[in-house]
Amino acid sequence: MNYPASELVIDPVLIRTHDVSGPRYTSYPTADRFVEAFGENELRQWLAKRNIGGISQPLSVYVHLPFCESICYYCGCNKVVTRDHSRAGKYIRYLERELELIAPLLGGRAEICQLHWGGGTPNFLAREELTSLMRALNACLPRAADCECAIEVDPRHAPPGTMKFLRELGFNRVSLGVQDFEPEVQRAVHRIQPFELVERVTREAREAGFRSVNFDLIYGLPRQSLDSFNRTLDSVVELKPDRIALYSYAHLPALFKPQRRIVPTELPSAETKLQILTLAIGRLTRAGYLYIGMDHFARVEDELAIAQRQGRLHRNFQGYSASPESDLLGLGISAIGRIGPTYYQNEKRLDDYHAALDDGRLPVARGLELSSDDLVRRAVIQALACHSRVSIESIELAYLVDFKSHFAAELKDLRRLEADGLVDLSDDWISVTPRGRLLVRVVCMVFDRYLREARARATYSKVI
């Protein structure tokens, strides 16, 4: 049976049973599977193949801007915490070198359909640095007329006039890091950000003509409670963002040093986290948002919701996207790119990134060329994550496999999930049930060959 994509049922018993650690599948295979045997030479080879036969994939660009003035204790991003703003100027010069190396390999003036600046705190950069970087990008990689240009903004570093300036620079989407509006929670995670500040930045973004304002929220932070997050939701609903990402906080202090400053006894229990999530889904749904999947909500009229209804939604390293599926250039430290059937990731440390570019090398640290098996599994996982169902026939036709033979072990495991009510199986379709939608990562994990080979799951966040 195929269910409406927006239909969702919260089953606490089912969630408690299946709330295991697992990937978010912004890629498949996931980045922890990349190998150092894939380096600059391999990337150059695949870039050269982009225009074989005169046909190439659309092109997107992600730029990683890692600088932050202060540390947020929950953060697991690759960032550089400093108050020395002069370091950003040097970094921009190296980004421009990377652009100069990679642009000629694209075989002509490739227009980009999607641009995303993330971090860190992109608005850590001075206006002249932001302008210089955009000018360099435009010179090497001109934007298509309908290019989606997004930037992540920390409202604490967005004085009046910032949003107007960013809009004039070409950005038309903005994602604001909100996390939580409660002062007690903000103090516990070292991110003081009054409601009035977010309200002003949101208003200025709309007045400047941004076509979408998105909020990032986190549940499971220290000192959060059902009542406190209900008040945060009051503020969110009042400000009416176009999209909301509601992430589950993953407490992994062994991996992320800043999290060691969080007091474990102040974290809400697993039961409270589930209650907070249930509350949020109910309130946001009543306020006119659709649950897109994997932590994301969008208004019914938003491009994401429309793309999902039309079967065009896909998932990439920035989350869900309504833009055409494309090759992706990742620029800057730790940035991940995708070219054809390959992924690559840049050096994670500034010194290593600088050294590669000083030697005239692309700063590729590792990557992966996908096998035919990886490609078919990626297609299945994408369909489940974006549309909550997979057409068996479409996979067989596109990848020339006998689905039931190729995935015999997986189908056996799916029967167990079907018995629990997460999926429905038929001869033609695999459908995630409304009860299974919050646990779609669990369904995706069935098709992850690397997890099936008993590789460790400990570095992943919990599903809920």
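The values are calculated or read from the model by the stated rules, or taken from the named source; none is laboratory data. Keep in mind it's a predicted model, so treat the numbers as computed, not measured. Cβ coordinates were reconstructed from backbone atoms using ideal geometry, including for glycine residues, and neighbour counts include every protein chain displayed. Note: areas computed on protein heavy atoms with side chains; ligands, DNA, RNA excluded. Shrake-Rupley method; radii C 1.70, N 1.55, O 1.52, S 1.80 Å.
Here are the numbers for the structure shown:
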| item | result |
| --- | --- |
| Three-way shape call for segment 267-333 based on the alpha-carbon gyration tensor, with the a/c threshold at 1.5 | oblate |
| Two-site label geometry, Ala31 and Lys164: point separation in nm, points 7 Å out along Cα→Cβ | 3.6 nm |
| Carbon + sulfur, % of accessible area of segment 299-385 - ligands and nucleic acids excluded, 1.4 Å | 46 percent |
| C-alpha center-to-center spacing [segment 247-274, segment 348-407] in angstrom | 30 Å |
| Label assignment, log10 I(q)/I(0) by the Debye sum over Cα atoms at q = 0.08, 0.13 Å⁻¹ derived from the structure, set [x] -0.46, -1.35; [y] -0.67, -1.19; [z] -0.48, -1.13 | [x] |
| Asp428/Arg231 FRET efficiency (R0 45 Å; Cβ-Cβ; nearest 0.05) | 0.45 |
| Using θ = phi - 60° and Karplus 6.51 cos²θ - 1.76 cosθ + 1.60, couplings along segment 347-357 (whole Hz; Gly, Pro as x) | 3, 8, 9, 4, 4, 5, 5, 4, 4, 4, 5 |
| Anisotropy class of segment 93-189 from Cα gyration tensor, a/c 1.5 cut | prolate |
| Fraction of beta bridges assigned by DSSP in the chain that are antiparallel (%, nearest 5) | 45 percent |
| Per-residue ³J(HN,Hα) for segment 321-336, Karplus 6.51 cos²θ - 1.76 cosθ + 1.60, θ = phi - 60°, Hz, x for Gly and Pro | 9, 9, 6, x, 4, 8, 5, 9, 8, x, 10, x, 5, 6, 5, 10 |
| Total formal charge among the other residues, if their Cβ is under 13 angstrom from that of Gly170, Lys/Arg +1 and Asp/Glu -1 | +3 |
| Cβ-based net charge around Gly209, under 13 Å, with every Lys or Arg adding one and every Asp or Glu removing one | +3 |
| In Hz, Karplus ³J(HN,Hα) per residue of segment 442-449 (6.51, -1.76, 1.60; θ = phi - 60°; x = Gly, Pro) | 5, 5, 4, 4, 4, 8, 8, 4 |
| Amide H within-cut-off set for Arg435, under 5 Å, with H built and near neighbours excluded | Val9 |
| For segment 44-105, accessible area per residue (1.4 Å probe, heavy atoms of protein chains only), Å² | 46 Å² |
| Sparsely packed trypsin sites (Lys or Arg not before Pro) within segment 1-110, loop by DSSP, other Cβ within 10 Å at most 13 | Arg83, Arg109 |
| The chain, helix-only ellipticity at 222 nm - DSSP H runs n ≥ 4, -39,500 (n - 2.57), divided by all residues, nearest 500 | -11500 deg cm²/dmol |
| Paramagnetic reach from Thr17 (point 7 Å along Cα→Cβ, amide N under 19 Å) across segment 413-429 | 413-426 |
| Lys pairs under 18 Å by Cα in the chain, provided they are eight or more residues apart or on distinct chains | 7 |
| Chain lengthening between Ala270 and Glu199 when straightened (0.36 nm per residue, less Cα-Cα) | 22.5 nm |
